[in-house]
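Engineer: Sharing a structure with you now.
Bear in mind these aren't lab numbers, they're just calculated from the coordinates by the rules spelled out. All values reported here derive from a predicted model rather than from experimental measurement. With ideal geometry, Cβ positions are generated from the backbone for all residues, glycine too; neighbour counts draw on all protein chains shown.
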Amino acid sequence: MSKKIGLKYYFTASTKNLDEDQSRYQKIIAYLESLGCKGQNYVHFSADGTFKKKYESKIKSGEISVYALQISLIDKSDILIADIAKESITVGYQIDYAVRKKIPVLVLINKNNKRNTPVMLTSNHYGLLTVRKYRSVDAIRGIISEFVESVITDKIKFNFFITIPVHNYITKRAEKEKKTKSEMIREIIMNEARENPVED
């Protein structure tokens with residue numbers, strides 16, 4: 001698993017009976033962080049309270065609503081992780097919103113929960129929605145690792161135009177390093193991203 005570029009993640013889950021689930025939520029967050037991912041956590045789940053301290057006064061003063069905060073954090077994220085051990089309309093909306101924004105989503109479902117999987121989760125929505133069931137927190141680690149790796153390595157195809165000098169440079173360098181032009185372009189961009197990370 002590469003830790004050189006951290007995906008920005010948004011974690012969401014029901015806040016009902018939070019004391020029962022807080023430990024699991026924080027273990028999920030801790031594991032994401034251990035993979036090099038950077039949290040865009042909603043205030044309830046920030047393990048060290050950072051987000052809560054940052055936004056609590058703004059929420060209380062009415063400067064920003066909880067809804068607006070949630071949406072803004074999802075918009076800044078590369079992936080969304082949702083634990084739906086307990087039902088939540090808000091979490092369902094956030095999953096739908098992320099998919100519509102073309103943000104890959106991982107939904108975690110407790111196998112011990114006998115209720116049916118929500119209909120909206122029975123389609124993978126063109127590869128953007130991944131649904132996995134778990135029995136223990138240890139099992140979640142493997143699921144998250146696999147999901148993050150797939151997001152990092154999956155390829156998105158798009159077209160762009162380059163000048164003749166750029167084309168010639170890419171062609172010569174790719175030949176020299178015995179790589180395809182696509183591999184060469186990806187490597188150059190990733191090296192640039194590591195050296196000059198873009199912060200929100």
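Engineer: Provide the packing ranking of 17-30, 79-92, i.e. peptides ordered by the mean count of other C-beta atoms within 10 Å per residue, highest first. List each step's numbers first, then the result.
Structural biologist: On the way: 17-30: 14.6, 79-92: 19.1.
Ranked by mean Cβ neighbours within 10 Å, highest first: 79-92, 17-30.
Engineer: Taking a ≥ b ≥ c as the square roots of the Cα gyration tensor eigenvalues, with a/c under 1.5 meaning rounded and otherwise prolate when a/b beats b/c, else oblate, which class fits region 130-200? List each step's numbers first, then the result.
Structural biologist: Values: a/c = 2.95, a/b = 2.57, b/c = 1.15.
Cα axes put region 130-200 in the prolate bin.
Engineer: Please arrange PHE160, PHE11 by how many other C-beta atoms lie within 10 Å of their C-beta, fewest to most.
Structural biologist: In increasing order of surrounding Cβ atoms, one gets PHE160, PHE11.
Engineer: Sticking with this structure for a sec: Which entries of LYS38/LYS111; LYS27/LYS58; LYS16/LYS102; LYS60/LYS101; LYS27/LYS101; LYS38/LYS76 have Cα-Cα distances beyond 18 Å here? List each step's numbers first, then the result.
Structural biologist: Details: LYS38/LYS111 28 Å; LYS27/LYS58 27 Å; LYS16/LYS102 28 Å; LYS60/LYS101 28 Å; LYS27/LYS101 27 Å; LYS38/LYS76 11 Å.
Distance filter (> 18 Å) returns LYS38/LYS111; LYS27/LYS58; LYS16/LYS102; LYS60/LYS101; LYS27/LYS101.
Engineer: Let me ask something else. As a footprinting exposure proxy, order MET190, MET184 by other Cβ within 10 Å, with the fewest listed first.
Structural biologist: Arranged by neighbour count, lowest to highest, MET190, MET184 become MET190, MET184.
Engineer: Could you name the aspartates and glutamates whose alpha carbon sits less than 20 Å from that of LYS133, not counting residues in the same chain fewer than 8 places away?
Structural biologist: Partners found: GLU20, ASP21, ASP83, GLU87, ASP96, GLU146, GLU149.
Engineer: How do ASP154, ASP75 line up, fewest other C-beta atoms within 10 Å first?
Structural biologist: By the 10 Å Cβ count, ascending, the order reads ASP154, ASP75.
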